[in-house]
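Presented below is the structure to which this report refers.
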Amino acid sequence: MKIAVIVFPGSNCDVDLYEAFHSVLGADVEYVSHREHSLAGFDAVMLPGGFSYGDYLRCGAIARFANIIPAVRQMAEDGKFVFGTCNGFQILTEMGLLPGALKQNDSMQFVCKTVDLTVVNDQTAFTSRYQKGQTIQLPIAHGDGSYYADLQTIQQLEDHHQVVFRYAGENPNGSLHDIAGICNRQGNVLGMMPHPERAVEVLLGGTDGLPLFQSLLDQQTVRTEAE
């Protein structure tokens, strides 16, 4: 599996994602500039956290017009894998690949801590190495991480098992229904506010993020066997 990590002006978790795949998992991963127009040859694309274009207008609102975005959209439509964490999640909602929006934390403060999450859906390409109902710990670092959508959209997310992660116990930002991560109906696009790429080694404080990336790499074997 060949993985692209998109680098926007203001990205600051691109290296974290790259090293999670390259140094920890030994995967085939490359940085791709926001200026590029093609993702030919890639099987998955990662949208990192950070402050793309300085978070002007809204978080992710300018990034959605970057040169590379049509190629990201095409990847999703082709059934390939698209993952966005933090600012990447914000970009995915701005693109319309995931429903809803991320608004300012209810506390109106930037929150940086490790939080408990519950794995709600273990049947996606990103969560097969977790167990449904499992509690994991991942770091968060955001000021605009409160997930919001109208009640009809929330109900559809629940009905179609698109809620993948919830905050367990403390809700650090006021997200509706404690939502911490969602996927599209096909399950090949995932966005989440917590940072699994910052929890892939004991030295970093924990490894609860590692199964997410291992689950994704497992898909190469699944597709090979299917063919």
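The values are calculated or read from the model by the stated rules, or taken from the named source; none is laboratory data. Note that the coordinates shown come from a computational prediction; the quantities given were computed from them, not determined experimentally. Heads up, the Cβs are rebuilt from the backbone with ideal geometry, glycines too, and the neighbour counts pull from every protein chain shown.
Please note which strands (runs of 3 or more DSSP E) are completely contained in the stretch 1-83 and include at least 3 residues that are farther than 15 Å from E197 by Cα. If you could, list the steps in order and put the result at the bottom.
Numbers: elements: 2-7, 28-33, 44-47.
Output list reads 28-33.
Among V82, V115, which is closer than 19 Å to S215 by Cα and out of contact with any Ser or Thr (no Cβ under 8 Å at 6 or more places or on another chain)?
Numbers: V115 fails: closer than 19 Å to S215 by Cα.
After ruling out the rest, the residue left standing is V82.
Among the criteria (1) in a loop (DSSP other than H, G, I, E, B); (2) under 25 Å from V200 (Cα atoms); (3) within 15 Å of the chain's Cα centre (by Cα), the one N173 does not fulfil is (3).
The listed residues are L157, L102, L97, and the only one of them that is assigned to a loop (DSSP other than H, G, I, E, B) and crowded, with 18+ Cβ neighbours inside 10 Å turns out to be L97.
Here F83 clears all of (1) under 14 Å from the mean Cα position of the chain (by Cα); (2) hydrophobic (A, V, I, L, M, F, W, C); (3) surrounded by fewer than 21 Cβ atoms within 10 Å (Cβ to Cβ) except the condition numbered (3).
Applying the condition of being buried (at least 19 other Cβ atoms within 10 Å of the Cβ) and in contact (Cβ under 8 Å) with a residue 24 or more places away in the chain to the stretch 54-70 and asking which residue is nearest to P172 (Cα to Cα) yields C59. Scanning the stretch 178-227 for residues that are within 15 Å of P48 (Cα to Cα) and either in contact with a Gly (Cβ under 9 Å, 6 or more places away or on another chain) or modelled with pLDDT under 95 (or both) yields G181, V189, L190, G191, M192, M193, P194, H195, P196, E197, R198, A199. As a summary of the residue check, P70 satisfies the conditions (1) more than 17 Å from D14 (Cβ to Cβ); (2) in contact with a Ser or Thr (Cβ under 8 Å, 6 or more places away or on another chain) except for the one numbered (2). Within the stretch 182-200, the presence of a residue that is more than 16 Å from the chain's Cα centre (by Cα) and either more than 26 Å from D78 (Cβ to Cβ) or among the hydrophobic types (A, V, I, L, M, F, W, C) (or both) is excluded. Of the listed requirements (1) in a strand (DSSP E or B); (2) farther than 26 Å from D218 by Cβ; (3) not acidic (D, E), F165 misses just one: (2). When the stretch 114-150 is limited to residues that are within 19 Å of F89 (Cβ to Cβ) and of a type in the set (S, T, Y), the one that is surrounded by the most Cβ atoms within 10 Å (Cβ to Cβ) turns out to be Y147.
The set of residues from the stretch 105-125 being assigned to a strand (DSSP E or B), touching a residue at least 60 places away in the same chain (Cβ under 8 Å) and of a type outside the set (S, T, Y) comprises V111, V115, L117.
Just for the stretch 11-31: of the residues that are over 17 Å from the mean Cα position of the chain (by Cα) and not polar (S, T, N, Q), which one is nearest to A71 (Cα to Cα)?
Ranking the candidates gives E30 first.
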